Structures are given as C-alpha cells and as structure tokens.
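The values are calculated or read from the model by the stated rules, or taken from the named source; none is laboratory data. Here the structure is a predicted model, which means the values were calculated and not measured. Counting neighbours? That spans all protein chains shown, and the Cβs are built from the backbone with ideal geometry, glycine included.
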Amino acid sequence: MRKFLVVLDDSRECLNAMRFAALRAAHTGGGVTILSIVPPEEFQTWMGIADLMRAEARERIEAHFEVFAKWMRDKQGVNPELVIREGDPVAEILAQVTEDPEIGILVLGAGNEKSGPGPLVTALSRTSGTLPIPITIVPGDLSKERLESIT
C-alpha cells in the first residue's frame with residue numbers, strides 16, 4: 001500500500017497538510033503515516049529530568065495525533081499510523097522515508113508568512129532533486145473547500 005507521510009507539528013499549515021494527505025489516501029486507497037519529531041535540544045537543558053520531559057512530549061504528541069486520527073477514521077475511512085522520532089527534523093524525515101518503503105509521497109504544509117514557507121519546506125526543497133520520493137507542498141491558506149475540490 002502506498003502511504004502519504006505527513007509531519008505533525010505546532011504550525012498552522014500542518015492542518016492543511018493533514019487534510020490533503022487524508023483526502024488523497026481515501027481517494028486512492030492509500031494510507032497515512034503521521035510523523036512527529038521531537039528536537040533533542042528540548043531535553044539537553046535539564047538532563048536530570050529528560051525522561052520525564054520525553055514522556056510529557058510523547059503524551060502531548062499522542063493527544064494531538066488523536067484529534068487528527070479520529071477525523072481521518074470517521075470522515076475519510078483512513079486509519080493513520082503515528083511515528084515519533086527524536087532528532088533533527090530533516091534528518092528524521094529522510095530516515096523515515098528510507099526505513100519505510102511503502103511511503104510514496106511526503107506532504108508538507110507551507111506557511112504564508114513573509115518569512116517564507118517554513119523551515120521544513122525550505123530545507124527539503126533545497127534537496128528535493130535527490131529525494132527518493134516526491135514532495136507535495138500544500139499552501140497553508142488554501143480553503144477547506146478548495147482543498148477538497150482538488151483532491
């Protein structure tokens with residue numbers, strides 16, 4: 001089964017990337033892998049309580065994931081998989097793509113701020129010519145209706 005890989009983070013554009021991945025998976029009989037990456041610097045300041053901070057980060061990610069997963073299951077008939085990794089976001093995305101041969105498309109949401117589309121879109125666009133899969137970049141300000149009409 002071909003899977004869409006989408007990154008779960010705290011950005012506003014993440015919502016459109018999630019919607020796009022779920023809608024495309026539903027229309028094509030594919031799956032969705034939701035990847036959340038915890039930067040290691042979150043734990044370096046307080047080494048004595050790093051395990052507690054990791055557990056709290058995991059709980060926060062799982063709660064956030066459940067919101068998207070419920071919508072995907074109930075509205076789109078897609079049962080997403082959650083993967084949590086720790087490290088540099090770009091390196092962890094590439095590692096996930098390499099480790100899971102069913103991933104066929106990376107879906108990223110692009111921010112619409114003046115500062116640019118966001119760090120992941122910027123970094124992965126620079127290396128897109130050497131990636132083993134295509135990237136779909138979903139505009140962050142695309143309306144829900146327009147998103148549904150193009151998927």
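Inspect region 78-94 for any residue being at pLDDT below 95, surrounded by 18 or more Cβ atoms within 10 Å (Cβ to Cβ), touching a strand residue (DSSP E or B) at 6+ places or on another chain (Cβ under 6 Å) and over 20 Å from F20 (Cβ atoms) and give the result as yes or no.
No, that holds for no residue.
I'd like to know if region 80-89 contains one or more residues that are of a type in the set (D, E, K, R) and within 13 Å of A25 (Cβ to Cβ).
Pass one, region 80-89, residues of a type in the set (D, E, K, R): 81, 85-86, 88.
Now restrict to residues that are within 13 Å of A25 (Cβ to Cβ): 81.
Yes, region 80-89 contains a residue that is of a type in the set (D, E, K, R) and within 13 Å of A25 (Cβ to Cβ).
Looking at region 45-90, which of its residues are touching a Pro at 6+ places or on another chain (Cβ under 9 Å) and small (G, A, S)?
Hits for region 45-90 are A69, G87.
If G29 passes every condition in (1) small (G, A, S); (2) modelled with pLDDT of 95 or more; (3) on the phi < 0 side of the Ramachandran plot but one, which one does it miss?
(3)
Quick check: anything in region 79-88 over 17 Å from the mean Cα position of the chain (by Cα) and either hydrophobic (A, V, I, L, M, F, W, C) or more than 16 Å from I37 (Cβ to Cβ) (or both)?
Keep residues of region 79-88 that are over 17 Å from the mean Cα position of the chain (by Cα), which gives none.
No; the residues of region 79-88 include none that is over 17 Å from the mean Cα position of the chain (by Cα) and either hydrophobic (A, V, I, L, M, F, W, C) or more than 16 Å from I37 (Cβ to Cβ) (or both).
Since S143 meets every condition but one in (1) within 19 Å of R12 (Cβ to Cβ); (2) in contact (Cβ under 8 Å) with a residue 40 or more places away in the chain, which condition does it not meet?
(2) is the only condition that S143 fails.
With respect to L147, is the statement that it is part of a loop (DSSP other than H, G, I, E, B), surrounded by 11 or more Cβ atoms within 10 Å (Cβ to Cβ) and in contact with a helix residue (DSSP H, G or I) (Cβ under 9 Å, 6 or more places away or on another chain) true?
Spelling it out, it is not the case that L147 is part of a loop (DSSP other than H, G, I, E, B), surrounded by 11 or more Cβ atoms within 10 Å (Cβ to Cβ) and in contact with a helix residue (DSSP H, G or I) (Cβ under 9 Å, 6 or more places away or on another chain).
Can you pull out the residues in region 101-144 that are loosely packed, with under 11 Cβ neighbours inside 10 Å, in a helix (DSSP H, G or I) and either touching a Ser or Thr at 6+ places or on another chain (Cβ under 7 Å) or not β-branched (V, I, T) (or both)?
R126, G129, K144
Could you run through region 90-113 and say how many residues are touching a Cys at 6+ places or on another chain (Cβ under 6 Å) and under 16 Å from T130 (Cα atoms)?
Final tally of qualifying residues: 0.
Please go through region 72-121 and pick out each residue that is within 24 Å of K144 (Cα to Cα), in contact with a Gly (Cβ under 9 Å, 6 or more places away or on another chain) and not aliphatic (A, V, I, L, M).
Residues satisfying the conditions are N79, P80, E81, G104, G109, G111, N112, E113, P117, G118.
If a residue has to be among the aliphatic types (A, V, I, L, M), farther than 17 Å from D74 by Cα and surrounded by fewer than 18 Cβ atoms within 10 Å (Cβ to Cβ) to count, how many in region 1-26 make the cut?
Number of matching residues: 1.
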